[in-house]
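Below is one structure, written out as structure tokens; the observations come after it.
The values are calculated or read from the model by the stated rules, or taken from the named source; none is laboratory data. Everything quoted here is computed from the prediction, not taken from an experiment. Heads up, the Cβs are rebuilt from the backbone with ideal geometry, glycines too, and the neighbour counts pull from every protein chain shown. Side chains included, ligands, DNA and RNA excluded: accessible areas come from the protein's heavy atoms. Shrake-Rupley method; radii C 1.70, N 1.55, O 1.52, S 1.80 Å.
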Amino acid sequence: MAGNKPRVSSFSRNFTAASNTISQIPGLKHGPNGTMFLSSGILDLDKILGGGFTLGSLVMVMEDPEAPHHMLLIRNFMSQGLVHNQPLLYASPAKDPRGFLGTLPSPVFSKDEKSRDRDAEQEKGLRIAWQYKKYFDEQNSEFQRDEKSEYCNDFDLRKPLERHFYSGQQIDCIRLEDSADLTTFHDRCSSFLSQTPRNDRNITCPGRIAIQSLGAPQCDFSDKECNMLSFVRSLKNTIRSSNAVAVITFPPSLFSPSFSKRLQHLADTLVSVKAIPDEDKELAKLLTGYQDMVGLLSVHKVARINTQVPTILEATTFSMKLQKRRSLILECLNQAPIDGSSGISYASSGSCTGSSKTGALDF
Amino acid sequence: MESGRIANLTPGTSTRANLYKNLKDLNKLLLAIVELGKELVEDGKGRFAVAIDSVSEMLRHASIFSVAGLLSNLRSHSQVSCLFWLLHSDIHETKAIAALEYISSIQASSEPITRPINGQRANSEKLPFLEQNLRGGKIHIRFKRRNGRVRLMSEEFCIEQSGIKFTPISSEAEMIAQSLVPKVQFNLELSEKERNDRAKVVLPFEHQGNGKTIQIYDGRKSLNEDRAEIQYTSAEKVQTVTDSGRGEIIYFRDSDDEMPDSDEDPDDDLDI
């Protein structure tokens, strides 16, 4: 799995006493270049992105019309915010967005079971390479933290979130249909973001905005592309100066290619999900673990704020699997050697090393 | 809105026709559909299915967004069990088709079994094709499963007096025989010629010495006497490989009196 180490620059931020309180706020983590991270709710995604979603960034998810995987990302994102008591704004084209809160996954708190499982696996795996056990012990110590202050929770997708998490909270649920040309929605977002301003004095609780399916065909504004574009642009500007992260999912297949490209360029972090065919024998031969896969996730862009150095990931496409049908894990694709001349499209997009094997090997 | 009643066609079914003329306001249409449905089911609490003959017709009068809104509202209505609509995919722009595909969970497309290859045929020759197309065709289904995987199915159907019969695609259609060997970059199978050549290959140690026993110098001074002793004592460690009288390899284990290092390159004596 690609876990990139943050580049250490020769300048380092002098952490003041006020900033030390960040470590006491659950759900926030220091990142490189003076940024802070917020968890996405998916452990593997946090690792891939180098720590999580950068505070003040705009995350866009490109949907696949044939698969509901973007819902998994949104659900985990929202649940993580609710578990950490962070204010949340949720908008969707559905008639009753508040009902969606009942489908959010519940965090798994039985960490002992999880860490014991991992220990057992590692014990078995390291019989021969016993000398490496000392490196794994460092990882295990991370699990010994208190459940409340855990940065990223593991979510059980089969269990709904308990009511007390979202009954008393500041949660705004908005129907996108109500806003004819997005101005009212934009005002709601602005007022929400003014609750979490950014200043060095005191760090308030970070906020989360989740917008699902912006541009779905049910909404009137979906054909007014310039309106949507200016909305996203102004949202991005407002978010930059506040302590919040916005996740927007949109269906690029419904938009004109130029509009879709513009939206992609506006994003700080860009991720796309893709469906996979069911019972495809070719794909089963090509990829190991095909039986457990539910889809593919590609990371196109990773947010880099306060720096000009881009993040280059070792692998950009990951398979989404539901471990024990309950928690989402992302894995690097393991590919069987392919016949280069056949040029199967999944293989070329799913290569771990980023360069597909073309041409026969010469011995 | 006018309403009427049609005489019962088969016992047990009842039909009712409501004529609704105004397609500009689809919200009212939605309410009317839901109301009609509620009347159909017992005590207004059961579920009913909705079938829309031609969304293409609706799209002539209303925008794709209002039609999509109507469809998604119908779909999410608690009393609607399923929703089925038809569309002519070739007359709409791609955006409209994409929007409808987005909100649907199963897409089925039908096509004729055979298409005339040459479009310029005379009318009389086209008739058999038309007749065939009237009687049946192929149907392709994309089924979006809940876990996010897409299942593709294809079948042939033919329309008969009793109903519609579905059969799997006949072998005339493309069926490429798949070999069981996966496609890899290595050639895992041998052709006949390659098999013969393989049998003829002489393995390296087979021709060493050309029939005579060889002495492999291993850097020790008193070679001869050591070898004679070892030959008797470690008979069980000797390995010989004979291949149709070509040569012999006699191996002496020399780990007992091995010198710490040896300047000679042990590969000097190899004869491959």
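Brief remarks on what is shown
- Looking only at region B:147-182, and only at residues there that are within 14 Å of chain A (Cβ to nearest Cβ) and either modelled with pLDDT of 80 or more or assigned to a strand (DSSP E or B) (or both), the one that is farthest from A:MET293 (Cα to Cα): B:SER154
- Selection count where residues are closer than 13 Å to A:LEU45 by Cα and either part of a loop (DSSP other than H, G, I, E, B) or more than 13 Å from every other protein chain (Cβ to nearest Cβ) (or both), scope region A:62-76: 2
- Scanning region A:191-240 for residues that are away from chain B (no Cβ under 14 Å), of a type in the set (D, E, K, R) and not in a loop (DSSP other than H, G, I, E, B) yields A:ARG208, A:ARG233, A:LYS236, A:ARG240.
- Failed criterion for A:ILE276 (all others in (1) in a helix (DSSP H, G or I); (2) under 21 Å from the mean Cα position of the chain (by Cα); (3) modelled with pLDDT under 90 hold): (1)
- Region A:271-303 - residue that is of a type in the set (Gly, Ala, Ser) and over 17 Å from A:HIS70 (Cα atoms) and, of those, least open to solvent (accessible area, probe 1.4 Å): A:ALA303
- Per the conditions (1) more than 14 Å from chain A (Cβ to nearest Cβ); (2) assigned to a loop (DSSP other than H, G, I, E, B); (3) modelled with pLDDT of 85 or more, the sole criterion not satisfied by B:HIS92 is (1).
- Failed criterion for B:ARG195 (all others in (1) over 27 Å from A:SER253 (Cα atoms); (2) modelled with pLDDT of 85 or more; (3) of a type in the set (Lys, Arg) hold): (2)
- Taking first residues from region A:249-270 that are away from every other protein chain (no Cβ under 14 Å) and partners that are open to solvent by less than 10 Å² (accessible area, probe 1.4 Å) and in a helix (DSSP H, G or I), the Cβ contacts under 7 Å between residues at least 6 apart in sequence or on separate chains come to A:LEU263/A:VAL232; A:LEU266/A:VAL232.
- Residue among B:GLY46, B:GLY69 that is under 20 Å from B:LYS95 (Cβ atoms) and at pLDDT 75 or above: B:GLY69
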